[in-house]
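Trainee: One structure coming up, written as structure tokens, with questions to follow.
The values are calculated or read from the model by the stated rules, or taken from the named source; none is laboratory data. Only a predicted model underlies this, so the values are computations on that prediction, with no experimental measurement involved. All Cβ positions, glycine included, derive from the backbone under ideal geometry; neighbour counts span all protein chains shown. Each accessible area value is taken on the protein alone, full model and side chains, heavy atoms only, with ligands, DNA and RNA left out. Shrake-Rupley method; radii C 1.70, N 1.55, O 1.52, S 1.80 Å.
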Amino acid sequence: MSAEAPRAVVVAISGASGAVYATRTLAALLERGCHVELIVTEFGRRLLRDELGDAAAVERLADYLAERYGEGTRKGRYTLHSNRDLGAKIASGSQDCGAMVVVPCSMKTLAGIAHGLSRTLVERAADVMLKEKRRLVIVPREAPMSLPQLRNMVLCAEAGAMILPAMPAFYQKPKTLDDLADFMAGKILSALGFDQTLYPKWAG
Ligand SMILES: Cc1cc2nc3c(=O)[nH]c(=O)nc-3n(C[C@H](O)[C@H](O)[C@H](O)COP(=O)(O)O)c2cc1C
């Protein structure tokens, strides 16, 4: 872990394709002993089950992560928040999470963050990160993208968020879907301020 890496991180999972990016990121943070404040939108819950199966349902996530990525994931802890709970501690600037990632980020959640709507806990927690000038990493996934969607990404970037599209690279010669997920999770960890070894750095 780098010297300035946050100990507590907000992870939001919304209803865009790429649930494996979220579980790999979550597992990597927990392996590092982080405390994760977890929010899963209604469609994020559906995505976990649709893409990863019933074993990955939110209620069973800790066991799923341990089985899929190893018992080391039990080093950290997560607190699951309702997306409707606008009174949760992460809805306030006084909370101590130094960073947040929305992975994957749907175009709907992106729009809500871009326009500062704060209708849900995901939107409000992201707004807190922006107003407090903390790290906010947004991992959008859609193809193709409309002009409003592109503009919403620009709005978020202008407000200080990092836009890290769910676009795995191929120069590390991936052989499996897990290799692609490792690449994205490694990128996300770096963006959150962690050292990462999930994929090999380009050696030139
Ligand atoms: C199987 C499935 C895949 C989806 N994939 C995407 C996607 O990749 N990107 C996106 O923006 N929306 C996607 N959607 C649509 C969103 O889930 C939908 O707009 C939803 O309202 C988003 O709500 P949320 O942001 O609160 O999770 C998908 C929906 C389903 C059911």
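Trainee: Specify the residue that is surrounded by the most Cβ atoms within 10 Å (Cβ to Cβ); the eligible residues are those in segment 181-204 that are without any contact (Cβ under 8 Å) to a residue 24 or more places away in the chain and among the polar types (S, T, N, Q).
Mentor: Looking at the filtered set, the residue picked out is Ser190.
Trainee: Could you please tell me which pairs satisfy a Cβ distance under 6 Å, a separation of 6+ or placement on different chains, a first residue in segment 70-87 that is closer than 7 Å to Leu30 by Cα, and a second residue that is assigned to a loop (DSSP other than H, G, I, E, B) and small (Gly, Ala, Ser)?
Mentor: Within 6 Å, the pairs are Lys75/Gly33; Gly76/Gly33.
Trainee: Please verify whether segment 135-146 includes one or more residues that are touching a residue at least 12 places away in the same chain (Cβ under 8 Å), over 21 Å from Ala166 (Cα atoms) and more than 10 Å from the ligand (Cβ to nearest atom).
Mentor: no
Trainee: While we're on this one: Does Ala19 fit the bill of being out of contact with any Pro (no Cβ under 6 Å at 6 or more places or on another chain), within 16 Å of the ligand (Cβ to nearest atom) and within 29 Å of Pro148 (Cα to Cα)?
Mentor: Values: out of contact with any Pro (no Cβ under 6 Å at 6 or more places or on another chain): yes; within 16 Å of the ligand (Cβ to nearest atom): yes; within 29 Å of Pro148 (Cα to Cα): yes.
Against the criterion (out of contact with any Pro (no Cβ under 6 Å at 6 or more places or on another chain), within 16 Å of the ligand (Cβ to nearest atom) and within 29 Å of Pro148 (Cα to Cα)), Ala19 qualifies.
Trainee: Across segment 16-67, what is the number of residues that are polar (S, T, N, Q) and more than 19 Å from Leu180 (Cα to Cα)?
Mentor: 1
Trainee: Go through (1) within 16 Å of the ligand (Cβ to nearest atom); (2) within 13 Å of the chain's Cα centre (by Cα) and name the single condition Phe43 misses.
Mentor: Condition not satisfied by Phe43: (2).
Trainee: Here's something else I'd like to know. Only one of Glu158, Glu132 is loosely packed, with under 14 Cβ neighbours inside 10 Å and modelled with pLDDT of 95 or more; which? Walk me through how you get there before you give the answer.
Mentor: Values: Glu132 fails: loosely packed, with under 14 Cβ neighbours inside 10 Å.
Matching residue, one of Glu158, Glu132: Glu158.
Trainee: Moving on to the next point. Answer yes or no: is there a residue in segment 167-180 that is under 25 Å from Ile90 (Cβ atoms), within 16 Å of the chain's Cα centre (by Cα) and either modelled with pLDDT of 95 or more or in a loop (DSSP other than H, G, I, E, B) (or both). Steps first, please.
Mentor: Step one: list which residues in segment 167-180 are under 25 Å from Ile90 (Cβ atoms), which gives none.
No, because not a single residue in segment 167-180 is under 25 Å from Ile90 (Cβ atoms), within 16 Å of the chain's Cα centre (by Cα) and either modelled with pLDDT of 95 or more or in a loop (DSSP other than H, G, I, E, B) (or both).
Trainee: I need the strands (runs of 3 or more DSSP E) fully contained in segment 10-118, keeping only those with at least 1 residues that are of a type in the set (Asp, Glu) and open to solvent by less than 10 Å² (accessible area, probe 1.4 Å).
Mentor: Qualifying strands (runs of 3 or more DSSP E): 35-40.
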